[in-house]
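Taking it in order: structure first as structure tokens, then the write-up.
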């Protein structure tokens, strides 16, 4: 979160975080899978590109480059020894001035990872 690895239970935000009140956040959902060649992140570059495109459409400047986000996603997966699961990068306006205009509010960047098994539902034919 904001450039630091934080333990799961220590990842906290203020109750007056702008994103909680006004929905000012951008996120992606990305799968990481076990393969015969080790773990693989599904279309990581494409997901990060879409994250940046979404931020641009909301006039939000992410304070890190696409390459930095990609590297931090990989680092977070390694640090958590995640073999298979889910990755949630989220960009959000944090605690600061309340009101609709978030421009003087800090932009936070967090990347969470956790095990989640298969992300695809098995559909059985009846």
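What the table shows:
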{"item": "Total residues in the range 55-66, condition part of a helix (DSSP H, G or I) and more than 13 Å from the chain's Cα centre (by Cα)", "result": "2"}
{"item": "Failed item in (1) touching a residue at least 40 places away in the same chain (Cβ under 8 Å); (2) out of contact with any helix residue (DSSP H, G or I) (no Cβ under 8 Å at 6 or more places or on another chain); (3) part of a helix (DSSP H, G or I), with residue 69 passing the rest", "result": "(2)"}
{"item": "Single condition residue 52 does not satisfy, out of (1) touching a residue at least 60 places away in the same chain (Cβ under 8 Å); (2) out of contact with any strand residue (DSSP E or B) (no Cβ under 7 Å at 6 or more places or on another chain); (3) surrounded by 15 or more Cβ atoms within 10 Å (Cβ to Cβ)", "result": "(1)"}
{"item": "Which listed residue is in contact with a helix residue (DSSP H, G or I) (Cβ under 8 Å, 6 or more places away or on another chain) and exposed (fewer than 12 other Cβ atoms within 10 Å of the Cβ), from 100, 44", "result": "100"}
{"item": "Residue in the range 14-26 that is nearest to the chain's Cα centre (by Cα), counting only those that are in contact (Cβ under 8 Å) with a residue 40 or more places away in the chain and either surrounded by 15 or more Cβ atoms within 10 Å (Cβ to Cβ) or part of a helix (DSSP H, G or I) (or both)", "result": "26"}
{"item": "Top-ranked residue in the range 86-97 [being within 13 Å of the chain's Cα centre (by Cα) and buried (at least 18 other Cβ atoms within 10 Å of the Cβ); ranked as farthest from residue 43 (Cα to Cα)]", "result": "92"}
{"item": "Qualifying residues in the range 72-92 (those that are part of a strand (DSSP E or B) and in contact with a helix residue (DSSP H, G or I) (Cβ under 7 Å, 6 or more places away or on another chain)) - the one farthest from residue 49 (Cα to Cα)", "result": "92"}
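The numbers here are math on the coordinates, done by the rules we state, and not lab data. This is a predicted model, so every value here is computed, not measured. As a convention, Cβ positions derive from the backbone with ideal geometry for all residues, glycine included, and neighbour counts pool all protein chains shown.
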